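Structure first, then comments.
The values are calculated or read from the model by the stated rules, or taken from the named source; none is laboratory data. No experiment lies behind these values; they were computed from the predicted model shown. Because the Cβ atoms are built from the backbone with ideal geometry, glycine has one as well, and the counts that use them run over all protein chains shown.
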Amino acid sequence: MKLLLINIYSTDTIARYLLSSYLLKAYLQKQFMDSEELTVHIFNFSCKTSIDIICNEILSYNPDFIGYSSYIWNIEHIINIIRKLKSCTKYVHILGGPEISLSRILPLSKESTGDYYITGEGEKKLTDLMSYLIGKEKNITLNVPDGIAYNKGDGIYYKEDKSFVKLEDVPSVYLTGVIEDYLYEKQQAFLETQRGCKFRCKYCVYHKQLPEVSYYPLQRILDELDYLIINKKISALRIFDAIFTTDLNRAKIIVRHLYKLKEKLSSLPFIYWEFEYNSIDEEFIELVSSLKVRGKINNCHEILSVNRNQIYTDILKDYTVINCTGIQSFCEDALKASGRQRINPKKFNEFMNIINKYNIVLKIDIILGLPCETFDTYFSGLELLLPYIKDTDHILNIHLLQILPGSELELLCNDYGIKYSIYAPHIIYATKSMEETELKRASILTAILFRIINSPLRKYFFKAKENEKVVDILEKILYALRCEFPGINLFNQRVDDNYWNNNIYRDIPSDWLKEFLACYK
Ligand code: SF4
């Protein structure tokens, strides 16, 4: 029987595949190795590919079962594909991935889109489901496995399954050749070295309700790194772990291994990972620093500002590693409401000083619109953070809060007066502590800050800001922009992450900003 897995990747990244489907394929092939009962095939499409094209490709392959990895950027597309296919075929549709949660599925009627739904980790559950479906085709009477929600015709049924996947049982998609070379060779590759997260942030579903963090065998990770970097000459490596340094000693072994590769090859691909400000020590930072291409880097002082996003191409050049750290907010009430620990100012100060001493680069995550965050606390937090960014190449990575299906925060929206779109990407537009007009204004000011801080214009900003609050200077720029460029998208469209990561660079010319800041009094 034929299982077709559909990957619809976001066009926001340079990769043209999703790792999750290949992990599923590797696991399924191992489990069904001795039988010829199941073949697994994967189709990759961009989220810009038309539904007609995707449906035609599926129809010509003519599978028995179709699995969809559902994410924020593709769920609406997937729903439309299934609706179209259901009108003319009898395929079995299986949905999994972060967009699939019990809170969204259980209220569905018999008109629900999918036939089966998998929440959380997919490998074992999909394998169990395939055994069941293959048995069903042979008229063997079995029960739908636990952990799978299914449409019985009169509504959705579900029985919990608390078992978890042992990561040593998931074969390497690279070392086994499950993934085709052309998808990642000399390009970007994804790697998971661990799964789960020790934290439980209420807006997040990454931890997948796993009770603890589990790890792939260390030697396998080192072998995969050798394979990807030496044999396949990848240009970028994105490590998917929630917190790469959860086990700091293990993380150091991996960084030392990368250093050996750098010594051998003289350079490394761009590497991206995440850690918390209180989960590292100075030795780790020194090791990360040893992976840089050159000693002292200060790109923002060395390059000119242009009218496009320069974050990856220019500002982060030569650092090798992009260290993403989630701060999210400096407001104690907002952090508490989000299930996060308060920021310890002393520890944070020590952390930033070590980072800047070793001249490594951070991508600092901040969320706009957390419950209990106000307009004032949000900008006071930025006031605390910005001095650490002065004279560095750190990137300020600000997101609007999204209410993810299955997150704890989804159930608390009424309590916090959170209004958001039920449709992906589930962005909020008001909270009890930030009304719609305030959040809109904060988004517009954030977009302007993003445009300046994440470009070589930051040096002019810090000079102008010497005796001024960040919110005041942003308001003045906003006023001037209204006079000079009243027709730009900043005033005419929804201002969100997508806008400030893209169009704003074209909407507000660098030369105009430079002149405005240089003459600022
Ligand atoms: S936001 Fe990050 S730290 Fe918090 S639970 Fe999710 S992965 Fe873990």
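Overview of results
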| read-out | value |
| --- | --- |
| Failed condition for Ser60, given (1) touching a residue at least 24 places away in the same chain (Cβ under 8 Å); (2) part of a helix (DSSP H, G or I); (3) out of contact with any strand residue (DSSP E or B) (no Cβ under 9 Å at 6 or more places or on another chain); (4) surrounded by fewer than 21 Cβ atoms within 10 Å (Cβ to Cβ) | (1) |
| Out of Ile243, Ile285, sole residue that is within 16 Å of the ligand (Cβ to nearest atom) and touching a residue at least 40 places away in the same chain (Cβ under 8 Å) | Ile243 |
| Residue tally, condition touching a residue at least 40 places away in the same chain (Cβ under 8 Å), at negative phi and buried (at least 19 other Cβ atoms within 10 Å of the Cβ), over region 365-376 | 5 |
| Flag for Ile229 being closer than 14 Å to Pro269 by Cβ, within 16 Å of the ligand (Cβ to nearest atom) and at pLDDT 95 or above | no |
| All positions within region 264-281 that are closer than 24 Å to Tyr184 by Cβ and among the charged types (D, E, K, R) | Lys264, Glu274 |
| Complete set of residues in region 219-263 that are among the polar types (S, T, N, Q) and either in contact with an Asp or Glu (Cβ under 7 Å, 6 or more places away or on another chain) or closer than 22 Å to Gln187 by Cβ (or both) | Asn231, Ser235 |
| Residue list for region 191-219, restricted to those being of a type in the set (A, V, I, L, M, F, W, C), assigned to a loop (DSSP other than H, G, I, E, B) and more than 15 Å from the chain's Cα centre (by Cα) | Phe199, Leu210, Val213 |
| The listed residue being surrounded by fewer than 21 Cβ atoms within 10 Å (Cβ to Cβ) and either in contact (Cβ under 8 Å) with a residue 24 or more places away in the chain or farther than 29 Å from Thr176 by Cα (or both), out of Ser35, Ser21, Ser87 | Ser87 |
| The one condition in (1) outside any helix (DSSP H, G or I); (2) touching a residue at least 12 places away in the same chain (Cβ under 8 Å); (3) among the charged types (D, E, K, R) that Glu466 fails to fulfil | (2) |
| Residue pairs meeting the criteria (Cβ under 6 Å; at least 6 apart or on separate chains; first closer than 17 Å to Phe450 by Cβ, in region 310-326; second of a type in the set (S, T, N, Q)) | Gln310/Ser455; Ile311/Asn454; Ile315/Asn299 |
| Asp415, sole failed condition from (1) closer than 23 Å to Glu332 by Cβ; (2) at pLDDT 95 or above; (3) surrounded by 16 or more Cβ atoms within 10 Å (Cβ to Cβ) | (3) |
| Residues of region 242-272 that turn out to be under 18 Å from the mean Cα position of the chain (by Cα) and closer than 24 Å to Asp181 by Cβ, as a count | 3 |
| Subset tally (residues that are touching a residue at least 24 places away in the same chain (Cβ under 8 Å) and within 16 Å of the ligand (Cβ to nearest atom)) for region 192-226 | 23 |
| Residue count for region 9-42, restricted to those that are over 26 Å from Ile234 (Cα atoms) and assigned to a loop (DSSP other than H, G, I, E, B) | 7 |
| Hits in region 407-456 - residues which are among the small types (Gly, Ala, Ser) and either within 30 Å of His394 (Cα to Cα) or touching a Lys or Arg at 6+ places or on another chain (Cβ under 7 Å) (or both) | Ser407, Gly417, Ala424, Ala430, Ser433, Ala442, Ser443, Ala447, Ser455 |
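Every residue, every condition in (1) more than 23 Å from Arg104 (Cβ to Cβ); (2) charged (D, E, K, R); (3) crowded, with 19+ Cβ neighbours inside 10 Å, yes or no:
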| residue | (1), (2), (3) |
| --- | --- |
| Gln188 | yes, no, yes |
| Arg195 | no, yes, yes |
| Tyr203 | no, no, yes |
| Gln209 | no, no, no |
| Val213 | yes, no, no |
| Pro217 | yes, no, no |
| Arg220 | yes, yes, no |
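Residue-wise test of (1) under 30 Å from Ile343 (Cα atoms); (2) in contact with a strand residue (DSSP E or B) (Cβ under 6 Å, 6 or more places away or on another chain); (3) among the basic types (Lys, Arg); (4) buried (at least 21 other Cβ atoms within 10 Å of the Cβ).
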residue: Ser235; (1), (2), (3), (4): no, no, no, no
residue: Phe244; (1), (2), (3), (4): yes, yes, no, yes
residue: Lys252; (1), (2), (3), (4): yes, no, yes, no
residue: Tyr259; (1), (2), (3), (4): no, no, no, no
residue: Lys264; (1), (2), (3), (4): no, no, yes, no
residue: Asn278; (1), (2), (3), (4): yes, no, no, no
